[in-house]
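Values quoted throughout were computed directly from the atomic coordinates according to the rules given, and no laboratory measurement underlies them. Bear in mind that the values here come from a model prediction, so they are computed numbers and not experimental data. All Cβ positions, glycine included, derive from the backbone under ideal geometry; neighbour counts span all protein chains shown.
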Amino acid sequence: MKAYRSYEDLPRIKLPLGQEVFISDSTIRDGSQMPGIVMKKKHKIQIFEYLNRIGIEKLETFVYNERDREAVREMLDRGYEFPEVTGWARANPRDIDFVLDMDGIKETGILMSVSDSHVIDKMGLKSREEAEKKYTEALQYAVDHGLRTRAHIEDMTRADNEGFVFPLVEKLLEIDPDCTIRLCDTLGYGMPFPEVDEPYGIPYIVKRLREIGTKNIETHVHDDYGMSVACSLAGYWYGANWSSLTFLGVGERAGNAELEKVALFLITRVEGFQKYDLRSITEFAEFMEKEIGIRVPRNKSVVGKNIFAHESGIHTAGVIKNPFTYEPYPPEIVGGKRLLMIGDSSGLEVIRFKVEEALNELMHVGIKLDKNDPRIKAIQTDIQKLYNEEKRVSAISDEELKKYVEKYFMLQPIIEPIGEEHSAEEPNLDKNAG
């Protein structure tokens, strides 16, 4: 009989093909294109530092202007093994020269748009054949000048893959057999289901890329339909060895697949996968919110302030007895902190727990109380009265709870003898308090 009562009891999954998988971060490149966001040099350097702490293998960056190049020079000067700083270019020699001018960059991505909308309408090319010539010549130029390459196959999930894209990829691999082919789901049309044919099926496209001899396959999925993380994981499942992600999913429109979600899934759910250290990512999210202006919803998975916050009676009681009951992973994995809160749905168990904490802090004594202690019940009654009369619209803060503890546990012996059990002044706990 199987019993799942701890994180260690839960089985981990295995990638069917058993390949080693990696992450390439695009927070500084794609993320900086998010409307309303301006990343200064110091921001890019700090993001680089966080990625180094996590252990992300690569990041990509623009090198077109001097402020970008200054940031890249400083990253390179730090001499870190990870993340490797890579470049990005459009499919022309002049762009690639910008990358070549950055001493220390050994790899570049090259943008290759493949949908007819992009080729004809956006780029103004006359035909797919003209696009193919442009892309193969650009890749050849990069290889001839000693760069490792990534081909960013833009808008692949709205392209004629069998008729145009896969033959193009075969020609690219003839030029550079080790070229990483980036499957770009540019508008989030991709689906993670194996039964879905091209152009939408991420599993289908990955399998076809493997069949034509692609050694290195990378997904780059936008989140317009909210499927980016699922599609990125499906890419790994069917044979991709890289995924291009951004922290918090920043990027154009709805953004990209979130690095923190994919990395957490890998280290907590996949067998034998422990190479990323996520203890700094809650701090990383706070940095992005404070310094760059990315609003992090309270209920955002992995790094939201509510991820380890518990208020309802059933949940808090369960977590107090065994955190595994209502927490999918321990807070310390992501640098988070458990927060037990008292609100309108809280029961006696969490009040008892919080009162014990308050007594320890106020009186420096370790004490165990019964949740049916009349003083605990009196505190619950007072708190529920606030919500019943709709005087309160927020949780009770720790400081406010201390006032109740002082009243019922420290002042009570003084006021009871004069028959004024509730004569002590009520704590100021209206909706504006705290």
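Things to note:
- One decimal place: the segment Leu76-Gln33 gains 13.2 nm when fully extended, by the rule 0.36 nm per residue minus the C-alpha distance.
- Averaging the sequence gap over all C-alpha pairs within less than 8 Å and six or more residues apart, then dividing by the number of residues, gives the chain a relative contact order of 12 percent.
- Residue among Ser117, Ser32, Ser243 with the largest mean-square fluctuation in a Gaussian network model of the chain, springs linking Cα atoms under 10 Å: Ser117
- From least to most packed, judged by other beta carbons within 10 angstrom and beginning with the fewest, Cys179, Cys231 follow the order Cys179, Cys231.
- For segment 54-113, the alpha-carbon coordinates run over 32, 23, 16 Å along the three principal axes, in decreasing order.
- Antiparallel DSSP beta bridges within the chain, percent to nearest 5: 5
- Separation of alpha-carbon centers, segment 1-25 and segment 304-337, rounded to whole Å: 21
- Asp121 paired with Glu8, simple spin-label distance in nm, labels 7 Å along Cα-to-beta-carbon: 5.7
- Cross-link pairs beyond the 27 Å C-alpha cut-off, checked among Lys261/Lys391; Lys44/Lys207; Lys58/Lys215; Lys371/Lys407; Lys368/Lys391; Lys14/Lys321: Lys261/Lys391; Lys44/Lys207; Lys368/Lys391; Lys14/Lys321
- √(5λ) per eigenvalue of the Cα gyration tensor, the chain, largest first, Å: 54, 22, 19
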